[in-house]
Amino acid sequence: MAASQWELPPELCCRPMAFVALTGLDVVYNAVHRAIWDAFCANRRADRVPISFKVLPGDHEYPKCRTKRTSYEWYIPKGILKTGWMNKHLNLVPALVVLFYELDWDDPQWKEKQSECATKVEIVRTSLQGRNTKVAVVLIQKKTPLPPGEDLVASERAAALCTACDLSGKSLFVLPHTDHLVGYIIRLENAFYEHAQTYYYTEIRRVKSHKEFLNKTTHQLLFVRHQFKIGFFSELKQDTQNALKYYRTAYSLVHELRAHETNMLEIKTLAGFINYKICRLCFQHNTPLDAIAQFRKHIDQCKKKIGSAELAFEHAAWMSKQFQSFGELFDEAIKLGLTAIQTQNPGFYYQQAACYSQDRKQQALTLCQAGASYPSPDPLDTQSGGLDFYGQRHWRQGHQSIDPPDAEKEKTGILALQMKERDVPHSELIIALLSNAVAQFKKYKCPRMKSHLMVQMGEEYYHAKDYTKALKLLDYVMCDYRTERWWALLTAILTTALRCAFLMASVKDYTVYCMELLGRASTLKDEHKARIEKNLLRVLQNQVPDPEPDCDPASVGAARTLWNDRMALSGSNELTVEVQDYIPFIQCKGRFQSPSFHVDQPILLQVFLRADCPQPVAFSKLAVSLSNQEYNQWCVAEASGSDSMTLLPGKTRSFSFSFVAKTEDVGKKIEVTGVELMLGAAAGRCVFLSWRGAGGDAASAHEALQASRSSRRWGRGLEARQEPSWDSLSLQPSTMIISRVPRISVQLSHQPPALTNELYRIGISVRSEEDATARDVTLTAGLKPGQDAGLSQTTQVTLDGSVVCDDSCPSLIPDIPLGTLEPGQRLDRCVYVTCVSTGPRVFLFHVAYSVDTSVDGRRIVCRCHKDETVTIETVVPFEVSVKFVSTKFEPLDRVAVDVPFLLMTDVQSSSPWPLLLSSSSLTLLAMSSTSAQLQSQVQDVVLETGECASECFSLRCPAHNSSSNAVATGQYLISWRRQSSSADSPLIQTTVTLPHVILEPVPVYIHADLPSFGRVRESLPVRYHIENRTALVQEVEMAVEPSDAFMFSGLKQVRLRILPGSEQQMLYNYYPLMAGYQTLPQLNISLPRCQTSNSQALRRFLPQRIFVKPQGRQLDDASIAAA
């Protein structure tokens, strides 16, 4: 039996669409007809009605309609569903036949063409005799028709044509061939679709009408057949909801049939068809859970309906096809927008289909015995070339009884099926299904399922003798199993891969898999390992290995021939195996004895090897590759004796290497880039095991982690063991070459903290403790690199302590030559640092020198260096505060124009060290001093921590023409240094920008001249000056209020007129009556012509109080003598 028997028929799997036949179109020679046909069938979008069009000639012979049965009383059905029925209604029997005819309403030969059209319609009806197929006529016209009712000639002739052709008015259409052809075609399609709907509705009613003639005793098959037909017609009618209902009924009825060996296949076949339809419609209705539930129900009901035991493989094939078909439906629904999940995706159904295909393969091997000859005549041949009913046997078609009609034919038929099954390429079917499942599991991120199925694919390729693809798949999967440490699974896969490598005569693959099966990850028994190791040694000796067990005997002979050819080839006896991706039978760990070595010390490197195979292993050479290849010559070990290069099973062996680093490698890292072990000899075959880095393989990382946990839990205890524990050995793949330990002392002396802008002195003292002369001594001093970028711009370093640093000075001075240092000699240098901003800074003092020394008898010149760092905090030396006060020492927020005021500065020391203020000065911009020369009042003043030095300057601000009231005052300059610094140290200039002042114009300025003190009962002259600073004549009203502390003479109340820019003086004689601080009589002043000023504002410049001394006594000589 052909393998394609289990494929679902294409008419079952396609989407049923109404079949409409088009006649009268010459699509080959008539361009207009071709355009009409293209408009019907080309670029059909999803929004157009589902119709299947086909162009047929006018005299086409349609399938003959059988004579209608009037009674089912003596009718015994021969099967459930005929094999040609679905195709007949999809592609052979149309729901509507449309006749296209070129005829215009005003055609001059109207009568003749009307008769011709009627004749063609009659021919079509004759060929459809007995069918309910509708007939319609489409008139192809050149002109666009007028709206209905306006063209009376068209209406009359249309009615006449309908009468002549025996058509209803709804079956006659007009198709103008204009620019809007596609629009007319779409309207025609909709009309055709309505006619087709009517046809399929009629067919459904016709099938339903048979039910009353059926009985459940002899017509059970017809119940199933009729329900399936109604469902199929409903699909053609696009009524999918009713179609699903009828299919479900048909499915229930098919399982009510009495099943036995002769009809079991037919029942399962129809059940599979109906199940496919139900599941497809459920997915189409977006109810995937219903589809899954239906499929599970289907499998549960059918999985035990095996049928004939001699044809059990057919049941497995049918089950496989059920799962495959559902997986394809599921996948198609996902492509149309359905969302699947990791635990419910098509991959599981493809996998199950593959499992049943594997069962089919095993049953075929068991049931289909080789050696028998194919029966003759062929029982699978039929007169028609195919089956009449789905699921029936070729040699007994239409037979529905329990027992087969001819036992001998049954036997030969079964034999023929078995022999056909033997030729089926089972492995190809299994591989295709597994490949689909792998693609799905990869899509839904199920890596373990994917790996599991890829292993099965590899095994199938092995059974199919496609060893190259098998090895490729298995090798890909082994990486995952090594990573996840599934050792038993890995061993099984390696065993299959080893067979493939042997049968392919792939020397490298065979060698690698032998090594891995001998390793610690292998779960093989020792006797199997011993056999594999023996074969590996034969390969190393350039001999043919023994075949692996369970290999196909026919393939073994071909493999031996290939092996002999491989061994005879010259020039291919060297093989390199990169073992970091495998788990070989030899483990390697390389480690430097220290993470760093001084350049004057020999570098020590150890390589540990361990064999996991059951027998000792001999090797010829061990070589270590380093990042600097010049050292590789010192890291090679070669066999010098018969036992010197042998690894014992389970024992650790170490190899030590030593070499001297070059001085130019100081500061560089030396890494182990690879370790290479040579197995075999030049006389046979050489296999180089190459470890990347310092060793380790695919399982080493996890083993190292487990070992570290174990060592923390139980303690290492390596010292008490005779040999180191392999798990406790850790990799040390790199070491740093560092400079020789310097034998000099570097001492720094300074007085922190540093003060902002000062020239901070740091003393460096270098003393040699070397046994030889230190040459080329250099000093690098300054800000340590790697700090905040802003610090390098605010830090200056110099060697000259007599000049203050400027912006041209760097933050780090490199390679300051210091000459040579004899043993015990000391050198002193000073570095000066200026820090513009506050905060901590790290300063580096790097002293480097060269000295001669010897390592292992070799004289080398070592460049040594010693670094000293110091963190210095920079603080502000003093705080300067500035304030403006009046001549009465009252705070001012505004300064009157051209009126004297006082500028007071306070310098408060915040330095922990005494400060010497050398001098101070004012640089005025818009101000002027009331004195001829400003002198520093803090010259040579020493400030201790927290002390304050104050100065007072009398200033006057002249009038300005600028629009702004705020004017700049100037700068306050202070020259200072530490008191502890030397006298010739440069002074530091600190500049303080004085705040701006707001000017206030004064219209009338009044001030007074009076003595600094008065005396009781002595005259105290007071002269008031009144200046008019406006451009107008000002009237001034003055009044002196009486006071208990003074009598006075002068005008008590007066009214004056003062010209612009002029001054008036008023003189009063005050006579003090009481001693002490007394308030002067208050002077009330008003300016009637200047409303903006008041008395309080005008007298703010006048003194309020004066000190009055008591009256003195006249001393005579007697009183003096008495005193």
Under 18 Å from the S308 label point (7 Å along Cα→beta-carbon), backbone N, the stretch 418-438: 418-424
Under 12 Å from the Cα of K443 - aspartates and glutamates, other chains or at least 8 residues apart: D331
Under the Karplus curve 6.51 cos²θ - 1.76 cosθ + 1.60, θ = phi - 60°, whole-Hz ³J(HN,Hα) for the stretch 1093-1109, x wherever Gly or Pro sits: 10, 10, 5, 5, 5, 6, 9, 5, 8, 8, x, 9, 9, 8, 8, 10, 7
Accessible-area composition of the chain, carbon plus sulfur, in percent [1.4 Å probe]: 51
Extension gain from Q793 to A568, taking 0.36 nm per residue of separation minus the Cα-Cα distance: 73.4 nm
Modelled FRET efficiency - R0 51 Å, E332 with A372, Cβ distances, 0.05 increments: 0.75
Probe 1.4 Å, accessible area per residue of the stretch 953-994, Å²: 49
For I738, residues with placed amide H under 5 Å, excluding near neighbours: F597, H598, V599, G667
For q = 0.17 Å⁻¹, Debye-computed log10 I/I(0) when each Cα of the stretch 105-234 counts as one equal scatterer: -0.99
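Between S115 and D38, how high is the FRET efficiency from 1/(1 + (r/R0)^6) when r is the Cβ-Cβ distance and R₀ = 35 Å? Nearest 0.05. Could you put the intermediate results ahead of the total?
Numbers: r = 31 Å, r/R0 = 0.88.
Using R0 = 35 Å, I get an efficiency of 0.70.
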Helix-only CD estimate at 222 nm, as mean residue ellipticity for the chain, using -39500 (n - 2.57) per DSSP H run (n ≥ 4): -10000 deg cm²/dmol
Nearest-ten-degree value, helix 288-302 long axis tilted from longest Cα axis of the chain: 40
Whichever aspartates and glutamates have a C-alpha closer than 14 Å to that of K420, once near sequence neighbours (fewer than 8 apart) are set aside: E310, E314, D378, D381
Tilt relative to the chain, helix 346-367 - C-alpha long axis, 0 to 90 degrees, to 10: 40
Rg/Rh (Cα only; Kirkwood hydrodynamic radius) as it applies to the chain: 1.29
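Percent relative contact order of the chain, based on C-alpha pairs within less than 8 angstrom and at least six residues apart?
5
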Solvent-accessible surface (1.4 angstrom probe) belonging to W726, in square angstrom, nearest 10: 10
Residue-wise HN-Hα coupling along the stretch 498-513, computed from phi with Karplus coefficients 6.51, -1.76, 1.60 (Hz; x: Gly, Pro): 5, 4, 4, 5, 5, 5, 8, 6, 8, 4, 5, 4, 4, 5, 4, 6
Estimated FRET transfer efficiency when R0 is 35 angstrom, pair V1033-Q1082 (beta carbons, to 0.05): 0.85
Label-point gap, in nm, between L1067 and Q1096 - each point 7 angstrom along Cα→Cβ: 3.4
Out-of-range pairs (alpha-carbon distance over 31 Å; input K88/K411; K303/K525; K268/K409): K88/K411; K303/K525
Gain upon complete extension [R1089, L973; 0.36 nm per residue less C-alpha separation]: 37.2 nm
Paramagnetic reach from K78 (point 7 Å along Cα→Cβ, amide N under 18 Å) across the stretch 197-225: 219-223, 225
Calculated Rg and Dmax of the stretch 1004-1109 using C-alpha coordinates, Å: 14.2, 43
D550 versus C948: modelled label distance in nm, points set 7 Å from Cα along the beta carbon direction: 10.0
Pairwise centroid distance, computed over Cα atoms, of the stretch 401-447 with the stretch 274-302, Å: 23
Probe 1.4 Å - accessible area at D475, Å² to nearest ten: 50
Residues of type aspartates and glutamates that K472 reaches as a straight line, Cα spacing below 12 Å, ignoring anything fewer than 8 places off in the same chain: E459, D509
Folded to 0 to 90 degrees: helix 31-41 orientation relative to the chain principal axis, Cα: 70
Rg to Rh, two decimals, where the stretch 426-572 supplies the alpha carbon set and Rh follows Kirkwood: 1.00
The stretch 125-186 versus the stretch 554-626: alpha-carbon centroid distance in Å: 89
Sparse-neighbour loop sites [GluC sites (Glu not before Pro); the stretch 254-297; at most 13 other C-beta within 10 Å; DSSP]: E256
Distance in nm between pseudo-label sites at V1054 and Q939 (7 Å out along the Cβ direction from Cα): 4.5
Backbone N under 17 Å from the E1041 label point (7 Å along Cα→Cβ), restricted to the stretch 1054-1088: 1054, 1078-1087
For the stretch 867-877, Karplus couplings with θ = phi - 60° (6.51, -1.76, 1.60), whole Hz, Gly/Pro x: 10, 10, 10, 9, 9, 10, 8, 10, 10, 7, x
Contour excess over end-to-end distance, with Cα ends at S881 and H865 and 0.36 nm allotted per residue: 0.9 nm
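The values are calculated or read from the model by the stated rules, or taken from the named source; none is laboratory data. All figures in this text were calculated on a predicted structure; none of them were measured in a lab. Glycine gets a Cβ as well: all are built from the backbone with ideal geometry, and neighbour counts include every protein chain shown. All accessible areas refer to the heavy atoms of the entire protein, side chains included, with ligands and DNA or RNA removed. Shrake-Rupley method; radii C 1.70, N 1.55, O 1.52, S 1.80 Å.
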